[in-house]
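Structure, as structure tokens:
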């Protein structure tokens with residue numbers, strides 16, 4: 001393999017690594033009310049989508065996960081919450 005080709009490959013690998021590191025942070029835009037921690041560097045907020053209604057900010061501006069009938073975001077009169085002691089999985093309730 002020629003020296004020029006080796007240099008080109010190394011430059012491409014270095015550029016790929018730099019690009020991967022630059023975009024690996026996965027920064028998200030906080031577009032609504034959020035519970036902030038770590039001096040405001042970390043924000044937790046309800047997720048966009050149907051399961052985001054199970055999370056809200058309480059009176060102390062802290063994230064609350066509520067799958068009961070007392071959740072203010074769920075206005076369906078037939079919703080009685082989940083059974084006491086029930087286990088399950090709910091995806092995409094909040095984002096960090």
Next on the checklist: Return the residues of the stretch 63-72 that are surrounded by 12 or more Cβ atoms within 10 Å (Cβ to Cβ), in a loop (DSSP other than H, G, I, E, B) and within 22 Å of the chain's Cα centre (by Cα); say none if nothing qualifies.
Outcome noted: 66, 67, 71
Item to check | For residue 19: the one exception among (1) assigned to a loop (DSSP other than H, G, I, E, B); (2) at pLDDT below 75; (3) within 24 Å of the chain's Cα centre (by Cα) | outcome: (1)
Checklist outcome for this item: Scanning the stretch 78-96 for residues that are without any contact (Cβ under 8 Å) to a residue 40 or more places away in the chain, surrounded by 10 or more Cβ atoms within 10 Å (Cβ to Cβ) and within 18 Å of residue 47 (Cα to Cα) gives 90
Checklist entry - Counting only residues that are modelled with pLDDT of 80 or more and part of a loop (DSSP other than H, G, I, E, B), which one in the stretch 34-53 is surrounded by the most Cβ atoms within 10 Å (Cβ to Cβ)? => result 47
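The values are calculated or read from the model by the stated rules, or taken from the named source; none is laboratory data. From a predicted model like this one, the values you see are computed outputs, not experimental measurements. Cβ atoms come from the backbone with ideal geometry, glycine included; neighbour counts cover every protein chain shown.
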